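**Q** The structure is given below, and queries will be raised subsequently.
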């Protein structure tokens, strides 16, 4: 397990690699993203970052998105959420409580390849945004 100083050095290195200064707000937002297992709203991140106003947190997240540190996530409710940039994955979202689960791999990679084969006009697909909605185990019971 990494100690506090080692984690902070990793965060500073990530910011410098992205050509971003390691300001206290950026470090705090990055720490929130690293310690969270599901996408958070800008307001949710703001509540966990001391001393920064909402606009600064939003701008920080936008700069992280541009630098490839964070990704914007839409789960169909109109609320902008962010998560740390991970390998390509999809989300299962509980329509009742909002629980989000990451899904990596699976048959969707094959669907993307087959779409390229059947399309008459498109020769490449470079991105898609796909979320699945249902009921989590807790809400079903």
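Derivation of every value follows stated rules applied to the coordinates shown; laboratory data play no part. Keep in mind it's a predicted model, so treat the numbers as computed, not measured. Backbone-built Cβ (ideal geometry, glycine too); neighbour counts: all protein chains shown.
**Q** Across the Cα atoms of the chain, what radius of gyration and what greatest pairwise Cα-Cα distance (Dmax) are found, in Å?
**A** 17.5, 54
**Q** When you count, for each residue, the other Cβ atoms within 10 Å and take the mean per peptide, how do 12-22, 90-100, 129-139 rank with the highest first?
**A** Ranked from most to least packed, the peptides come out as 90-100, 12-22, 129-139.
**Q** Of the listed peptides 105-112, 118-125, what is their order by residue-averaged count of other C-beta atoms within 10 Å, with the highest listed first? Could you put the intermediate results ahead of the total?
**A** On the way: 105-112: 10.6, 118-125: 7.2.
Highest mean packing first, the order is 105-112, 118-125.
**Q** Treating the angle as unsigned and between 0 and 90°, give the value, to the nearest 10°, between the Cα long axis of helix 108-118 and the longest Cα principal axis of the chain.
**A** Value to nearest ten degrees: 50.
**Q** Further question on the same structure: Quickly estimate the mean residue ellipticity at 222 nm for the chain, helices only: each DSSP H run with n ≥ 4 gives -39500 (n - 2.57), and the total goes over all residues, rounded to 500.
**A** Numbers: 6 runs with 61 residues, N = 141.
That calculation yields -13000 deg cm²/dmol at 222 nm.
**Q** How tilted is helix 54-67 with respect to the longest principal axis of the chain? Cα atoms for both, answer in degrees (0 to 90, nearest 10).
**A** Roughly 60 degrees, rounded to the nearest 10.
**Q** Compactness ratio of the range 90-140: Cα Rg over 2.2 N^0.38 Å, N = residue count?
**A** Working: Rg = 14.4 Å, N = 51, 2.2 N^0.38 = 9.8 Å.
Taking N as the residue count of the range 90-140, the ratio is 1.47.
**Q** Once you have the Cα-Cα distance between residue 17 and residue 95, take 0.36 nm times their residue separation minus that, and quote the gain in nm to one decimal.
**A** On the way: separation 78, 0.36 × 78 = 28.08 nm, distance 3.76 nm.
Length gained, residue 17 through residue 95: 24.3 nm.
**Q** State the Kirkwood hydrodynamic radius of the range 4-84 in Å, one decimal place, computed from all pairs of distinct Cα atoms. Walk me through the numbers on the way to the answer.
**A** Details: mean 1/r = 0.0793 Å⁻¹.
That comes to 12.6 Å for the range 4-84.
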